[in-house]
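The values are calculated or read from the model by the stated rules, or taken from the named source; none is laboratory data. Keep in mind that what you see is a predicted model, and the values were worked out from it rather than measured. Because the Cβ atoms are built from the backbone with ideal geometry, glycine has one as well, and the counts that use them run over all protein chains shown.
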Amino acid sequence: MRSVGWHRRASALFKAMILGLIGFQAAIGAATPWDKIVPNTSIDLPDRPKWLSYATADRFPTVRFNQPVQIVFPPEEDNARMFVVEKIGRVVVISNRDKPEPTTFLNLGIKVYNYSESGLLSLAFHPNYKDNGRLFIYYVAQEWNGTGWDYFNRLSELSVDPEDPNSALPDSEKIIINQPDKHYDHNGGGMLFGPDGYLYLSIGDEGEFYDILGNGQKLDKNLFAGMIRIDVDKRQGNPLPNPHVASSDHYAIPSDNPYLNLREFQGIELEPDKVRTEFYAIGMRNPWRFSFDPLTGKLYSGDTGDHTREEINEIVLGGNYGWPKREGSLPGPQRHAVHDADHGFVDPVAEYGREDGNDIAGMLVYRGTQFPELDGSILFSDYFGGWLGRAVVAEGQSPRIEWLAWDGHIADIALDPVDGPRFDG
């Protein structure tokens, strides 16, 4: 996400999350005529509507949250409890749809650095959560060192209280990855278990403009500017990560991760034991949310641009998405792009420029019959532009972007397994 004024956008962020995240049915509801939509006065809109006939609807109009950034549904639950991640460092749960009363599931308190793009950013339940009670959180942590604060991009595992399914055990926190972080922006924040059972986490380039901290094209430095994939179950045959200040022995590296035993990168010799083998893909500026296509298993991620492009990428094993040498399909910041070679960078499957928005945020691949005309679409939101859109990516056709609705700041999109679409694939 972009950093400007997040701490001043709390009320707008709340509104967006309630409208945009309670479920796909809430994010895109019944058709609304153009003349019934209240125009926005803070941005320049086109003379003619650029979206289709969709509008958002407030699923729980009486419920209020504090800076929500994500909604998560545990796997294999009939009642589909809703867990809402609040950037302030709290997770709340709604157990009863008919009487939605949020209760605190987890409160990390002062462990969380909540400023600008920092905070508690994501939650993921283990695929076997119903039986093992394991859950994972990703947040920006703060620690006092005696003279000042140290900050970290932190991935941790916790356990649910065996006596209370609506309460996690804060004291059970086991730090998995603890990457020292110099800047409060560009923390990424997407986290999902893939169809392969591995945990995927998107991390930004550490902050500031133009990748001035130099992480975008580094495989032997730190865990920034890419998508990582790790094995939190430590399956047989998967090696431990290479020693690093951020790593631990609480996870393993999938044996088919692309940079195991790597000795050369972009013509530069590397020491294999210093390569960050956690990486699944690199060269990303600030990938906030991503989604797996439930039909094909393909992985799509947004990437927030610097000054020119917002990207939707298909994330492939070993893919390099070019930042900072490229921004989308265009040259990257001038200080990086001049005289730099193109090392097989992967272009976006769809992208748009400043004429349409400037902060790609939520992302979801829709598969279902409730909205058959959207089946196979990559749904996304643009936080600052306020648009909810879709990218249509079809074999043999040029990708296209269509704008579905406008509703202020939508930070994320989630599928509600109860009120959401019906998938027949």
Can you name every residue in the range 315-330 that is of a type in the set (A, V, I, L, M) and at pLDDT below 95?
L330
Which of the residues belonging to the range 331-362 are surrounded by 15 or more Cβ atoms within 10 Å (Cβ to Cβ), acidic (D, E), at pLDDT below 95 and within 23 Å of W406 (Cβ to Cβ)?
D356, D359
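In the range 241-298, which residues are among the hydroxyl-bearing types (S, T, Y) and without any contact (Cβ under 8 Å) to a residue 24 or more places away in the chain?
Of everything in the range 241-298, those that are among the hydroxyl-bearing types (S, T, Y) and without any contact (Cβ under 8 Å) to a residue 24 or more places away in the chain turn out to be S255, T296.
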Could you figure out which of (1) in contact with an Asp or Glu (Cβ under 8 Å, 6 or more places away or on another chain); (2) of a type outside the set (S, T, N, Q); (3) crowded, with 24+ Cβ neighbours inside 10 Å; (4) within 21 Å of L388 (Cβ to Cβ) isn't true of R309?
(3)
Regarding T41, is this residue surrounded by fewer than 21 Cβ atoms within 10 Å (Cβ to Cβ) and at pLDDT below 95?
yes
Here are some conditions: (1) under 19 Å from the mean Cα position of the chain (by Cα); (2) of a type outside the set (G, A, S); (3) surrounded by fewer than 23 Cβ atoms within 10 Å (Cβ to Cβ). V160 meets all but one. Which one does it not meet?
(1)
Filtering the range 121-147 down to residues that are more than 23 Å from the chain's Cα centre (by Cα), at negative phi, outside any strand (DSSP E or B) and not charged (D, E, K, R) yields N132, N145, T147
Could you tell me which numbered condition Y210 fails, if it satisfies all but one of (1) crowded, with 21+ Cβ neighbours inside 10 Å; (2) part of a loop (DSSP other than H, G, I, E, B); (3) in contact (Cβ under 8 Å) with a residue 40 or more places away in the chain?
(1)
Could you tell me whether the range 278-300 includes any residue that is assigned to a loop (DSSP other than H, G, I, E, B), modelled with pLDDT of 95 or more and over 27 Å from V392 (Cα atoms)?
yes
Yes or no: the range 170-179 includes at least one residue that is within 21 Å of S118 (Cβ to Cβ), part of a loop (DSSP other than H, G, I, E, B) and either aromatic (F, W, Y) or in contact with a His (Cβ under 6 Å, 6 or more places away or on another chain) (or both).
no
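Residue-by-condition table, conditions (1) at positive phi; (2) touching a residue at least 24 places away in the same chain (Cβ under 8 Å); (3) surrounded by 18 or more Cβ atoms within 10 Å (Cβ to Cβ):
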| position | (1), (2), (3) |
| --- | --- |
| I175 | no, yes, no |
| Q179 | no, yes, yes |
| Y184 | no, yes, yes |
| D196 | no, yes, no |
| E206 | yes, yes, yes |
| I228 | no, yes, yes |
What is the residue count in the range 225-238 for residues that are assigned to a loop (DSSP other than H, G, I, E, B) and within 17 Å of W288 (Cβ to Cβ)?
1
Can you tell me how many residues in the range 268-306 are more than 19 Å from the chain's Cα centre (by Cα) and either crowded, with 24+ Cβ neighbours inside 10 Å or farther than 24 Å from D412 by Cβ (or both)?
10
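Do we have N222 as free of Cβ contacts under 8 Å to residues at least 40 places away in the same chain, part of a loop (DSSP other than H, G, I, E, B) and of a type outside the set (D, E, K, R) here?
On the way: free of Cβ contacts under 8 Å to residues at least 40 places away in the same chain: no; part of a loop (DSSP other than H, G, I, E, B): yes; of a type outside the set (D, E, K, R): yes.
So N222 fails the test.
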